Amino acid sequence: MTRQVKDTKHQAGFVWHAHSLSNGIKVLLVPTPGRLVFSLQTWVGVGSAHDPHGLSGMAHLFEHLMFKGTKLVPDGEFDRRVEAFGGRTNAATWLDWTFYYLDAPLDALEDAVFLESNRLIHFELDETRLNEEREVVLNERREHVEDDPDGRMIEDLWTMIFPDGTYGRPTIGWSPDVEHIKLDDCRAFYRDGYAADRIVLVLSGDIPSNQALELLERSYGHLSPSSGLNALPAVGSDGDWSRKEIYLPIVGERFVMGARAPAATHPDCSALQVINEVLLEGDSSRLQRCLIAEDEEVSAAYGYLSLLRDCGVYEMGFDLRPDRSADRVIARVREEIQSVIHNGLTDDEINRAKARLQTRFYQGLQTNQQRAEALGYWSVVANDPSFLLTRGERLAAVNEASVLRAARRWFDHDQWSLVVAYPQDEASAR
Amino acid sequence: MIAGSEMSFEDRHFLVTDDAFPLVYFNTYFEGGPSFDPPGLEGLTCLTNRLLIRGTTSHNRADFEDMVESMGTELVTSTRPDSMTLGGTVLAQYFDRFVHCLGDAISSPRFEREEFEKSRREMISDLELMVDEDGHLARHCLGQLIHHGSPLSTPALGSLDSLSHLTLDAVRRRHQETYVRSRLWTSAGGHLGKSELHQVLDSAFRGVPEGTSLPVEPMKSTRPQGRRIFFIHKPERSQTQIMIGQPSVAASHPGFHALQVMTSAFGGQFSSRLMQELRVKRGLSYGAHAWVSNHRFGGDYILNASVDSVRVMEAISVLFEQLELVVEGGMSDDELCFARDHLRKSHPFMVETAALQASYGARAALSGLGRGAQAEYLRYLTHAAPEQVRAQSASLLSANDFWVVMVGTLTSDLERTLSTLPGVTGVLTRSYDQVLKRPLLP
């Protein structure tokens, strides 16, 4: 089966071909003629939303453990061999997925496929390796969450939005949970999660399809389907739509606010992305213009719609200039949201947003790694890589009516969680 | 398929065509940078660059932003040690309009007083808020310390004091002398042909005066005497940022490629020494790296690790020890050959797309390298013997004279212990909320 990304005006783009191996592993091949490097990606349909109860951080720690040794590739050799053939490798974990990439020059294809398939199929673990990586992960958490103002705030925010759903647990895990993860937990997670029916391989490069398929079948064909993965509910019951205040060693107030949003495949996502562009993306966006350029309240602001399998999140963040008040900015933001709910957006705003999103769409497909990642993401989150195209079609169809409908359905409520961080020296005053 | 063509248009414009998507990456680069800010007016270059996109003589700021962003793009500016960049990524159908907007911004900026004051306040705020991000704060301070006394120490954002002294007249003068054709380079990658580029550049930059070339004086940085520590105290830090830095050579220095290879072996990859010693063997850090940032006038050589605060002494001792081993003993043949070969084999990633190829060419030119820079680099990586790499690189580094910037929670015990480290000739400390309020050094 073949699909193609193309712009209807320019008739340009890229193609991909969808296949399956004999054990059910899905394969997407993306030919990129003339490129001297390729990207091999393994997308696994398990993420931190599948962490067992009391063991948050399992999926992420497991991702780290996948870089440890096997019988055929001893500890430390994986990275060394990749670097030896001029490759680069890393991985990422989020709520719905974990993905691993190995990018390399074309002449390293066989080596790359061997290394990736070997660690997937012949995963091994012992106490020493587990404890080593646990310490690395705890260091990572300290750096990116405990000592990082935004990391702290966003972790709190998501816990409020999903207080008893697995989406509300940090992907990196809470320290006590990470410290309790045992060998047997990891082995069970591997057995149930890293199975043929949960994996999508994406290979983007100047590689003939028959060569690629033969190599992948030979290398990955031994992986079995899973017996099932019992996952706790991702969303859970109602969110905590209150305000949390924390004090940090910072000089300016800052806050993040978020609300539940549609799942990634919902038709309203495109309209909400347009709304986000108009509110917060670019110097001409409403909130950047009034809060940064005109009123000079804010130093930096962002908005982001998380596209997740079960339920999205629309999140906004604001870093205030010193001596500015978060409450004033929060009020302004809420006013602007109400304005969109009642009055929608202008045609000019919608067209500008669509043009910006289209530019970013193409920007996100330049390298082999980017193309593979885009297809892998939608393969796992939507169970269909061609959702990459569906989104583009839905974006093109966004208009004033669909914006108004989406804004009223998803923003016309009081269900926003809010985390406000104050400088520590304000604690006594408060 | 990327055509892979590199075009010469009066030798200052790099184009690589790729018709896969209807998109063009386009950047202008102007030679110069914060090193040319007059003493007491640090931040002038950065402020001038920002003001270029805050309106033109025919459009106020809001109208100009609307016009640019209606094309689905935005104008992005940045300031590097050797250049200022303005550009963006635009749908091919708007390329002509976009470059004309850019040309207007460069040749006819509005320079409204209100926008000048706002931009200045914005930069002051950026500086004040930098203390919230430990890594950025460490890097910002390190650059000033390792080049202390040289124009290379000038931070792009300036200081709270220097920003208060900037004037709109100074901005206008800086604009007139800097944003001229004789200092302009461009790079373009994507859905664009040579003749179209030629026409658009000719038309869009017609209003940019020829000007004079950048007067370049050598900029030398002097190392400190001994190992000097600057500790920025912040409460409740579970991790401590450690950055060790010293001046490095310009990209055009004959020993630069050797330094790149050695640095890759030392701290550039997961298999490199620092990663193995700090993360893999000892679990001290999530990551430990070494890198050399180079530009036309010089560079920085930096080691970096973010470590568990309770083990900071162990970590810094390992970093010192490893630097000594590398500088005095050198790295093994195996390590150097491995790094050399990795850099050569992985080079295609640096030029995988049209945009990357075009900007690679422009950056090399801005760094004072010739048009054959890429080929020369790859030749070096093919033929350089490890003893050659060792000899050339070790002479460019010191294991005894450098700065250490740390951001963490300082206790009196820690301060005392730091001063007892081998080779340490001074420990300066400052609270994070005071660090940028006065010069780092007298």
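Structure values in brief
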{"item": "Cα Rg, Dmax (largest Cα-Cα span) when computed across region A:59-183, Å", "result": "16.4, 49"}
{"item": "Largest-first ellipsoid semi-axes for region B:314-442, taking √(5λ) over the Cα gyration tensor eigenvalues, angstrom", "result": "38, 23, 13"}
{"item": "Shielding score for A:142-149, defined as the mean number of other chain Cβ atoms within 10 Å", "result": "6"}
{"item": "Complex-versus-alone comparison for region A:45-93, residues with a loss of 20 Å² or more in accessible area, probe 1.4 Å", "result": "A:ASP79, A:ARG80, A:GLU83, A:ALA84, A:GLY86, A:ARG88"}
{"item": "Apportionment of accessible area to carbon and sulfur, region B:228-334, percent (1.4 Å)", "result": "48"}
{"item": "With all protein chains modelled, accessible area of B:LEU41 [1.4 Å, Å²]", "result": "40"}
{"item": "Rg/Rg_globular for chain B, with Rg_globular taken as 2.2 N^0.38 Å and Rg from C-alpha atoms", "result": "1.03"}
{"item": "Cβ-derived FRET efficiency at R0 56 Å, A:GLU217 paired with A:ALA396, nearest 0.05", "result": "0.90"}
{"item": "CD proxy at 222 nm, helix term only [per DSSP H run n ≥ 4: -39500 (n - 2.57); per residue of chain A; nearest 500]", "result": "-12500 deg cm²/dmol"}
{"item": "Shielded residues, region B:331-366 - accessible-area loss of 30 Å² or more between chain alone and all protein chains, probe 1.4 Å", "result": "B:PHE338, B:HIS342, B:LYS345, B:PRO348, B:PHE349, B:GLU352, B:THR353"}
{"item": "Exposure of A:PHE387 as accessible area (Å², to 10), given a probe of 1.4 Å and all protein chains", "result": "20"}
{"item": "Share of alpha-carbon pairs per 20 Å distance bin for the protein assembly as shown, given as whole %", "result": "14, 46, 38, 2"}
{"item": "Within the accessible area of region A:73-133 (1.4 Å probe), percent carbon and sulfur", "result": "47"}
{"item": "Most fluctuating residue given options B:GLY33, B:GLY193, B:GLY298, as computed from a GNM of chain B linking Cα atoms under 10 Å", "result": "B:GLY193"}
{"item": "Computed P(r) (all Cα pairs; chain A; 20 Å bins; percent)", "result": "24, 54, 22, 0"}
{"item": "Accessible area, probe 1.4 Å, largest first, for residues A:GLU135, A:GLU297", "result": "A:GLU135, A:GLU297"}
{"item": "For peptides B:114-127, A:112-125, B:140-153, sequence by mean Cβ density within 10 Å, most packed first", "result": "B:140-153, A:112-125, B:114-127"}
{"item": "Rg [Å, one decimal], Dmax [Å, integer] - region B:403-442, C-alpha atoms", "result": "11.0, 31"}
{"item": "Extreme residue, positive dipole direction of region A:19-114, given options A:HIS50, A:GLY34, A:ALA84 (C-beta unit charges)", "result": "A:GLY34"}
{"item": "Overall dimensions of region B:164-214 by Cα: Rg and Dmax, Å", "result": "14.7, 46"}
{"item": "Acute angle (nearest 10 degrees) that the helix A:268-280 long axis makes with the longest principal axis of chain A, alpha-carbon atoms", "result": "60"}
{"item": "Structure-based [θ]222 nm, chain B - -39500 (n - 2.57) summed over DSSP H runs of at least 4, per residue, nearest 500", "result": "-12000 deg cm²/dmol"}
{"item": "Largest-first ellipsoid semi-axes for region A:230-342, taking √(5λ) over the Cα gyration tensor eigenvalues, angstrom", "result": "26, 19, 11"}
{"item": "Förster-model FRET efficiency, 35 Å R0, A:ASP126 and A:SER22, C-beta, rounded to 0.05", "result": "0.65"}
{"item": "Probe 1.4 Å, accessible area per residue of the protein assembly as shown, Å²", "result": "37"}
{"item": "Charge dipole (debye, nearest 20) of region A:6-121; +1 at Cβ of Lys and Arg, -1 at Cβ of Asp and Glu", "result": "260"}
{"item": "Angle between chain A longest axis and helix A:347-363 axis [Cα atoms, degrees, rounded to 10]", "result": "20"}
{"item": "Shape box of region A:263-303 [Cα atoms, principal axes, largest first, Å]", "result": "37, 14, 11"}
{"item": "Portion, in percent, of the accessible area of region B:1-133 that falls on carbon or sulfur, probe 1.4 Å", "result": "48"}
{"item": "Tilt relative to chain A, helix A:109-121 - C-alpha long axis, 0 to 90 degrees, to 10", "result": "80"}
{"item": "Distance (nanometres) between label positions extended 7 Å along Cα→Cβ at A:GLU335 and B:SER431", "result": "3.6"}
{"item": "Candidates B:ASP401, B:ASP11, B:ASP161, ranked by Gaussian network fluctuation over chain B, Cα under 10 Å, top entry", "result": "B:ASP11"}
{"item": "Exposure rank, largest accessible area first [A:ARG141, A:ARG352, B:ARG173; 1.4 Å]", "result": "B:ARG173, A:ARG352, A:ARG141"}
{"item": "Net charge of Cβ neighbours under 9 Å - reference B:LEU157; Lys, Arg +1; Asp, Glu -1", "result": "-2"}
{"item": "Neighbourhood charge, 13 Å Cβ-Cβ cut-off, centred on A:GLU400 and excluding it, Lys, Arg +1 and Asp, Glu -1", "result": "0"}
{"item": "Cut-off 13 Å between beta-carbons: net charge of the residues surrounding B:ILE242, Lys and Arg +1, Asp and Glu -1", "result": "0"}
{"item": "Within 10 Å of each Cβ in B:272-279, the average number of Cβ atoms from other chains", "result": "1"}
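The values are calculated or read from the model by the stated rules, or taken from the named source; none is laboratory data. This is a predicted model, so every value here is computed, not measured. Ideal geometry is used to build each Cβ from the backbone, glycine not excepted, and the neighbour counts take in all protein chains shown. Protein only, heavy atoms only, side chains kept; ligands, DNA and RNA dropped before computing areas. Shrake-Rupley method; radii C 1.70, N 1.55, O 1.52, S 1.80 Å.
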